[in-house]
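Here is the structure we will look at, set down as structure tokens.
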Amino acid sequence: MLCIVLKNNNPFYCLATEEYLLKNFDDDIFMLWQSDKTVVVGKHQNALGEVNYRYVRENDITVARRISGGGTVYHDAGNVNFAFIKNVKSPAEISFKQFTEPVVEALAQLDIEATTSGRNDLLIKGLKISGNAEHVFKNRVLHHGTLLFNSDLENLGNSIKVIPGKYTSKAVQSNRSKVANIAPFLKNELDIEAFIDFLINVQLKKDGAESYTISADDEEAIKKLVDEKFTTWDWRWGYSPKYTFTNKAGIDGRTLEIYLEVKKGHIENANLHGNYFVEPYATELSALLLGKPHFYEDIRDLMGTDNEELIYAFF
Ligand SMILES: Nc1ncnc2c1ncn2[C@@H]1O[C@H](COP(=O)(O)OP(=O)(O)OP(=O)(O)O)[C@@H](O)[C@H]1O
């Protein structure tokens, strides 16, 4: 097993590295990585419907999409991600427990009692400390999970706080859980670097484990994947399943009712009602929205305004 601690905190780079190692290596792999403030949505989720758009924009929180299914998680410098990549003979062989158990055992060595929940979570005293997801490629599986060590839980809560009812689709919805950090449960104080060292050393002690560093060739292929997939608008936002958006906003004492149908991130149908825009302007604007990306800059430019209440009414 190759053991890797990624030395790059760019979420797109880290997610691309997972995909690259899954699809281009033949070895079993254990990898740890961390990313700057990011909300990571599952492959089949509606990114706009999962994030608090205004909050993430105003707080420089990146939004990224991963290749595995499941719900939305928040990453920052206090969160550690682990990834197992393994060859399997048949899909029936894949179980979440097989990959969460080594993590539970490692935490037990730190005197922390973590339990697996019915869903794909790890809990301490009923609070979620880890969310897990998988992606299968040919005969290989990527299992990855988060570990909240000392994350900013206020930022976590705010960046995924959504107002229900605005977005409707068949997209996978996240299950909001009560979360906790691991650090407060430790008997002996440990900083996050020491925690990462500890986790990698637990794996390195196993038979056949060796440390691996991303090579210049790996790096080149990973960067290509970053540019061609992970940072693209089409993957991050446009990949969201078709959805409808409805909102009734009060702006400057007037009302604006918005109805949008959006496919591949682009507006296919739009209706603006209420007394915010007078006719025929409302109808004209509705027509102008067609074909435009459902995105901040596009709405702002189309409305020709910096009135944030008006722009954010569209999200
Ligand atoms: N870094 C994190 N670690 C653990 N839980 C988190 C984290 N960030 C957010 N959460 C919680 O997990 C919920 C999403 O969990 P859900 O079960 O929908 O997805 P998941 O399948 O666990 O995510 P993943 O697919 O990455 O495992 C969020 O609404 C939030 O309550």
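Looking at Asn201, Asn271, can you tell me which residue is surrounded by fewer than 17 Cβ atoms within 10 Å (Cβ to Cβ) and under 26 Å from Val51 (Cβ atoms)?
Selected residue: Asn271, the only one of Asn201, Asn271 that is surrounded by fewer than 17 Cβ atoms within 10 Å (Cβ to Cβ) and under 26 Å from Val51 (Cβ atoms).
Please name all residue pairs, on different chains or six or more residues apart, with Cβ atoms under 8 Å, provided the first residue is in the stretch 279-301 and is part of a helix (DSSP H, G or I) and modelled with pLDDT of 95 or more and the second residue is surrounded by 13 or more Cβ atoms within 10 Å (Cβ to Cβ) and among the charged types (D, E, K, R).
Tyr296/Arg57; Asp298/Lys292; Ile299/Lys292
Can you tell me which residue within the stretch 145-186, out of those that are under 21 Å from Lys128 (Cβ atoms) and basic (Lys, Arg), is nearest to the ligand (Cβ to nearest atom)?
Of everything passing the filter in the stretch 145-186, Arg176 is nearest to the ligand (Cβ to nearest atom).
Looking at (1) touching a residue at least 12 places away in the same chain (Cβ under 8 Å); (2) surrounded by 13 or more Cβ atoms within 10 Å (Cβ to Cβ), can you tell me which one Glu219 breaks?
Only one criterion is unmet by Glu219, namely (1).
Could you pull out the residue among Val202, Val226 that is closer than 30 Å to Ala171 by Cβ and of a type in the set (A, V, I, L, M)?
Val226
Within the stretch 92-144, count every residue that is closer than 29 Å to Asn188 by Cβ, more than 11 Å from the ligand (Cβ to nearest atom) and among the acidic types (Asp, Glu).
4
Out of curiosity, is Asn120 surrounded by 17 or more Cβ atoms within 10 Å (Cβ to Cβ), in the same structural domain as Asn10 (by the TED database) and either out of contact with any strand residue (DSSP E or B) (no Cβ under 7 Å at 6 or more places or on another chain) or closer than 24 Å to Arg65 by Cα (or both)?
The answer is yes for Asn120.
Got at least one residue in the stretch 228-235 being more than 21 Å from the chain's Cα centre (by Cα) and surrounded by 14 or more Cβ atoms within 10 Å (Cβ to Cβ)?
no
If you scan the stretch 105-116, which residues turn out to be surrounded by 14 or more Cβ atoms within 10 Å (Cβ to Cβ) and either small (Gly, Ala, Ser) or part of a helix (DSSP H, G or I) (or both)?
Selection gives Ala106, Leu107, Ala114.
Across the stretch 256-284, what is the number of residues that are out of contact with any Phe, Trp or Tyr (no Cβ under 6 Å at 6 or more places or on another chain) and over 23 Å from Asn46 (Cα atoms)?
Of the residues in the stretch 256-284, 12 are out of contact with any Phe, Trp or Tyr (no Cβ under 6 Å at 6 or more places or on another chain) and over 23 Å from Asn46 (Cα atoms).
If Lys138 passes every condition in (1) within 22 Å of the chain's Cα centre (by Cα); (2) closer than 27 Å to Lys23 by Cα but one, which one does it miss?
(1)
The values are calculated or read from the model by the stated rules, or taken from the named source; none is laboratory data. Here the structure is a predicted model, which means the values were calculated and not measured. All Cβ positions, glycine included, derive from the backbone under ideal geometry; neighbour counts span all protein chains shown.
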